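Here is the structure we will look at, set down as structure tokens.
Where a number appears in this text, it was derived from the coordinates with a stated rule and is not lab data. Everything quoted here is computed from the prediction, not taken from an experiment. Here the Cβ positions follow ideal geometry from the backbone for every residue, glycine too, while neighbour counts run over all protein chains shown.
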DNA sequence: GCAGGTTCACCGGC
DNA sequence: CGCCGGTGAACCTG
């Protein structure tokens, strides 16, 4: 999945392909060679080579002066004209808006990420941040006192000093974005766990979001038109706040994000992004266009009556979309899809850049005026929602999947068929092996120690101090109510046969087999790989590493046997960072040894195995392994269960870090394996693995 | 289905 | 002008 070169998707696609159409009317990301200033004398100064431009007034120019590109003055930038000094390649090179905040950030999170910190005013008049989230005012003492509104005695987000340990700064925007999301979700999962016990008010997403914002743990602050560095088309989100903290779509509720800037005496406004979430009467037929309904008129969620109570007005987001239409500027589109696995039933998918092609008003169902905007997707972008439409179809009708070699490689052994496809070459399938959904112990596990069982009736519940399984897991159940792993641990103890609880108990996530539509597919250069038709949420159980449990590694030098051998001797950095975040709540930080202990277990999947034997290595993986016990108590021979590190869109290859024998990282044993050249093409690739 | 809760833009005061 | 505080709108989530 992360086997993408630096700034891959945008960069590669936009650079190489004739993607002129993607050159934005507003030069690339807003802020490109444009300095916003908060000093009132000259609200907007264009520092392009051409020099400052003044407002033309009157009709809307294709390039409003405040969005002017370097070549805008000399020759009016036409649609498709690449920006002069470096083209529009998806890598943001905006000028830096020097703010006090900027200085403040510089030694904390995104340290040299000035490029990605374009702090712009959305009003043009004022540039400020809400006091309660301003680092300048967020001394503990001060925040405690006056400003923080307290209609409810809500806990104020805890601001900590050293953020580097939690979310290390990175020059790679993708890494920054992923780090922010990973921290957010770790925080959110932990808050869910805490809330369940105290029965406190819910909305862990908002709590986690508030803490992230209070600590400036976010990427791409400031609004920009066009692509967002580090956020790739096709990325998925489970909460609106997630899109907020990575700078994709700022409003926590509103569907239209826009910015207003002041040019001379006039306010100019432009839409930035829209979320098509189904609250209004939108048509979502074709994947290439979208009819979006304007906001206002009381037609949306707020009031329970779904009926409008008033005409929509040409203001705010509606006005912004209208202006974007007139200028032909690009608008990011986030579409939503149903997901039954998710409690909210909804996932947000970033579908890339669109342009408004029509706008009109019509009478809504309640007889009031509504604004309608028809947006078309820009050509040549990576696939977004298209992938979903395809996989949805496959799930309904598996025979519609083309290039299938085998409809079910597990021959009915898995809960859901695993199809085998090759869209790359003529290879007819992997070499022979026996499919097995469980590990085979060549020597019987000596279960001398009897399994402990809890006495919970029906299901184990959080906060039940009498649950021995919860105690064994350190006091709380390891999974959230939606079944997500809360944090990585040295060992997870699931409920077992001796427990009184039923199979519906949440502490039995991994023992019931896979719940995901997998496919084994032919990669271009790394043999077979594994991916999913379903979206996979961070913390979800994916599958077990099955095979034959051996005593020692034995393989011929010439054989490829070792590529099917799993050893629990290495854990990658990302795995260790996975738990980071709860420190922001004041939780003690977890030491590496608490998360990871090397284990003697060796699993050989050469002759016997399941889908996980097809999972390739990556130095930037999206999956990690976690030891779990559920049917015996041999701590040194646990089940090896895979979980998602982050949200994984459908059809993204699943990879984990095989480890390395170069002595770096967390390699606890010297291995005899021959290192192999790594082809993961991650920016952090170590070059070899195994 | 309702309601508690959030952010941000906007506006007015100093 | 810039800072501060209040207010209201908004395709949220449980």
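Quick notes on this structure:
- As a proxy for reagent exposure, A:635, A:519 were ordered by neighbouring Cβ count within 10 angstrom, fewest first; the result is A:635, A:519.
- Between residue A:502 and residue A:406, residue separation times 0.36 nm minus the direct Cα-Cα distance comes to 31.0 nm.
- The slack between residue A:413 and residue A:202, meaning 0.36 nm per residue of separation minus the straight C-alpha distance, is 72.1 nm.
- Global geometry of the stretch A:384-533, whether rounded, prolate or oblate, following the gyration tensor of its Cα atoms and the 1.5 cut on a/c: prolate
- Taking other Cβ atoms within 10 Å as a rough exposure proxy, A:362, A:315, A:178, A:232 sort from fewest to most as A:362, A:315, A:232, A:178.
- Burial order of peptide ranges A:535-541, A:262-268 (average beta-carbon count within 10 Å, highest first): A:535-541, A:262-268
- Its residues counted as N, the stretch A:321-408 yields a C-alpha radius of gyration over 2.2 N^0.38 Å of 1.47.
- The stretch A:608-661 shape via C-alpha gyration tensor axes, a/c threshold 1.5: prolate
- The protection proxy used here, the mean number of other Cβ atoms lying within 10 Å of each residue, ranks peptides A:286-297, A:213-224 as follows, highest first: A:213-224, A:286-297.
- If R0 is 56 Å, the Cβ-Cβ spacing of residue A:326 and residue A:587 corresponds to a FRET efficiency of close to 0.65.
- Each label was represented as a point 7 Å from its Cα along the Cα-to-Cβ direction; for residue A:267 and residue A:386 these points are 3.9 nm apart.
- Peptides ranked, highest mean first, by Cβ atoms within 10 Å: ranges A:325-333, A:614-622: A:614-622, A:325-333
- Label point of residue A:365 set 7 angstrom out along Cα-Cβ; within the stretch A:235-279, amide nitrogens under 17 Å from it belong to A:277-279.
- Distance from the stretch A:355-394 to the stretch A:447-501 (C-alpha centre basis), Å: 46 Å
- Extension gain (nm, one decimal) between residue A:424 and residue A:315, 0.36 nm per residue minus Cα-Cα: 34.2 nm
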